[in-house]
């Protein structure tokens, strides 16, 4: 037996690191939270400016892919010079048959919430407004990992946040 651990020393016990989303119901909310797969299909969307992501997360996911524990698909680097085409490709990626979507990116908050954005590729941002205008949907109800600052609700008065947006578009809730 190991020694006792005092949970009060864990960062997550002292600070709110997530919030329960109170939302209207959507048709996919009854999807089981359990992913039934011996080798889940993981979609990776990465901003290569993040040192830890490049050194740790990408290599870890690639190793899991090589050892056949996951099937890994990566969204290629998007270019601002072909924004319309690459926004369409981003939308297409979200519609792939994925069980997990891992976004490792920057998030920025703006005064106008619909202009808040995710920096999903080196200089390529996607705003909340893009989700509405492009009508991005997330097919097959993947579990979405938002590994970026400011993706949850920071100010309790705000109703728009990235977690709610993805959940409303079809992410597993």
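Some notes on this structure:
- Of the strands (runs of 3 or more DSSP E) that lie entirely inside segment 47-117, those containing 3 or more residues that are more than 21 Å from residue 35 (Cα to Cα) span 106-108.
- Pick from segment 25-45, criterion at pLDDT 90 or above and under 19 Å from residue 137 (Cα atoms), ranking: surrounded by the fewest Cβ atoms within 10 Å (Cβ to Cβ): 41
- For segment 124-146, the condition holds for at least one residue, the condition being that it is in a loop (DSSP other than H, G, I, E, B), modelled with pLDDT of 90 or more and out of contact with any helix residue (DSSP H, G or I) (no Cβ under 8 Å at 6 or more places or on another chain).
- Just one of the listed residues (118, 103) is modelled with pLDDT under 90, within 14 Å of the chain's Cα centre (by Cα) and surrounded by 21 or more Cβ atoms within 10 Å (Cβ to Cβ), and it is 118.
The values are calculated or read from the model by the stated rules, or taken from the named source; none is laboratory data. Since this is a predicted model, take the numbers as computed values, not measurements. Glycine gets a Cβ as well: all are built from the backbone with ideal geometry, and neighbour counts include every protein chain shown.
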